[in-house]
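Below: the structure, in structure tokens.
The values are calculated or read from the model by the stated rules, or taken from the named source; none is laboratory data. Remember, predicted model here, so these are calculated numbers, not experimental data. Every residue, glycine among them, receives a Cβ derived from its backbone with ideal geometry; neighbour counts consider all protein chains shown.
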């Protein structure tokens, strides 16, 4: 059977009922538009909210934790090895915060194909001396270029230029800390380290992460500045931050490297489990709403095709009388359903994209999110592919039962019934 | 060899109660014959026609078309037979209102797919010319009068050069003038093309003009 004839008949039937056909296609279009716009917006927000924390979080962080030595001498002795030994009041051993052999660890990590990049860091506890008052804080010594490349550091420097940190004795203050100290750009502040060293640092910028508590405490300086502040050599590093190509392998890799390097390693999943859960639930809800819309429009198509079949019983009967078989009639109505689906679907994708662009223009400014000026929208082609596929599937099923009904029409009954 | 042969056709209706509407109906139609079936309404002549047309498959007995036994054949094959070998004319015209007159005539030909569209269009115009409808070829079917529609319907029945034309009271719904035109076209087809035709009618004048009349009463053939 030639498809051209089937398509021609389907077209004629649709043109004869242009209005209903358009309404059905509009229904599909509307639902696809909403589906694409909703998912794009929802996932844009997800990405942004997750990015707040996840962008700034290394996939694996290596550090030395201060804790009691798990291998106490009594457990090693021949005599008490197999006994239950209880020791009270163990104190942490005088282990160093700095990572031993950090240079070769970094070299090793950078050679690993799973690793996107490595950035060393020093976290130093300090007091900011403001008049007679000391404010506690943390100065993070960072490798400025690597921090900017891997952890979007520059996005969060709201005032000033992050590259100024490369000059010695400069600092970028957390916005909260700066407000408390009334420190302007260009001011020199005094910092006392936990070891008692006093250093003067020049403020070259403000840092605003969007998390208030974090900004009240944390400030940034270059790794050299912090090493100098602490009076430590150039090899002194307390943290190694690793970004992976695929962050899902972080837990496995963290436990593997923990044993190799004999230091503590935290992976992003363990540290930030709640973010992923929230993201998953939000996308689940938006998929549920989107698919509901599509199913509803499917019922619209089902209704309209059913109506069309009742109106066109004569046509179906005559087609059968002049030699069209059941599967031809079936194909005609499936063609109608799919045409409505394709036309509505394509228009829906276009309008969905336009709706995304429109949402993208809506201003959205908040203190907490310094880098965001308008609502974020995710234009991932994935949502367009899912939307298009679902529109075809739902319209096919919406057409399936009416088409089957049409194919079963008994022409004798219709022709005799006149 | 008869073009159409019915042997011992029995047909029952089950609704509301079991009644036999056709009782051992047997007859044949020879090639080139113009045959009419007459009888009072309710005698089963239309029922018989729908069985002969292959659309109604719920009967007992044997039906041969062109020497081929077609009882019990699959529905898709029967649809093909209707398309290729039978031309249909109904009482209520039954053109497709969504299409133009020319397209209506074309569709069975396109369905059969033996000829190209251009050639079919040429043939369709020939048929329309024969029925004096060539000027209306591009009109919509619902813009025609009843008599015109019926002439187009006959043209459509002819497009695939069927071995047999069947009609269910083709003049039943027409006024005297149109009914005469249609009847004369049937006569012309019989004389000029030796077209085999089997027409159910209750118009005695129409029946008188045919080569042979099969008379039915109470589901039986009483005279042929």
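Of note:
- Residues of the stretch B:113-142 that turn out to be surrounded by fewer than 19 Cβ atoms within 10 Å (Cβ to Cβ) and within 14 Å of another protein chain (Cβ to nearest Cβ), as a count: 9
- Residue within the stretch A:340-358 that is under 20 Å from the mean Cα position of the chain (by Cα) and either within 14 Å of chain B (Cβ to nearest Cβ) or surrounded by fewer than 19 Cβ atoms within 10 Å (Cβ to Cβ) (or both) present: yes
- Residues within the stretch A:13-48 that are in a helix (DSSP H, G or I), within 13 Å of chain B (Cβ to nearest Cβ) and either surrounded by 19 or more Cβ atoms within 10 Å (Cβ to Cβ) or in contact with a helix residue (DSSP H, G or I) (Cβ under 6 Å, 6 or more places away or on another chain) (or both), tallied: 3
- In summary, residue B:151 fulfils each of the numbered conditions (1) in a helix (DSSP H, G or I); (2) more than 14 Å from chain A (Cβ to nearest Cβ); (3) surrounded by fewer than 22 Cβ atoms within 10 Å (Cβ to Cβ) with the single exception of condition (3).
- Subset tally (residues that are within 10 Å of chain B (Cβ to nearest Cβ), farther than 15 Å from residue B:98 by Cα and in a helix (DSSP H, G or I)) for the stretch A:307-328: 5
- Some residue of the stretch A:169-183 being in contact (Cβ under 8 Å) with a residue 60 or more places away in the chain, surrounded by 15 or more Cβ atoms within 10 Å (Cβ to Cβ) and closer than 21 Å to residue A:232 by Cα: no
- Wholly within the stretch B:1-113, strands (runs of 3 or more DSSP E) carrying at least 1 residues that are over 17 Å from the mean Cα position of the chain (by Cα) and more than 18 Å from residue A:416 (Cβ to Cβ): B:4-13, B:19-29, B:60-65
- Filter result for residue A:379 (surrounded by fewer than 19 Cβ atoms within 10 Å (Cβ to Cβ), outside the structural domain of residue A:152 (by TED's automatic domain parsing) and in a loop (DSSP other than H, G, I, E, B)): yes
Each row is one residue, and each column tells you yes or no for (1) assigned by TED's automatic domain parsing to the domain that holds residue A:13; (2) in a helix (DSSP H, G or I); (3) touching a strand residue (DSSP E or B) at 6+ places or on another chain (Cβ under 9 Å).
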residue: A:209; (1), (2), (3): no, no, yes
residue: A:227; (1), (2), (3): no, yes, yes
residue: A:242; (1), (2), (3): no, no, yes
residue: A:250; (1), (2), (3): no, yes, yes
residue: A:257; (1), (2), (3): no, yes, yes
residue: A:280; (1), (2), (3): yes, yes, no
residue: A:294; (1), (2), (3): yes, yes, no
residue: A:299; (1), (2), (3): yes, yes, no
residue: A:305; (1), (2), (3): yes, yes, no
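- Of the residues in the stretch A:237-245, not one is touching a helix residue (DSSP H, G or I) at 6+ places or on another chain (Cβ under 7 Å), more than 14 Å from chain B (Cβ to nearest Cβ) and modelled with pLDDT under 85.
- Residues of the stretch B:28-60 satisfying the condition of being on the phi > 0 side of the Ramachandran plot and either modelled with pLDDT of 85 or more or buried (at least 20 other Cβ atoms within 10 Å of the Cβ) (or both): B:39, B:44, B:54
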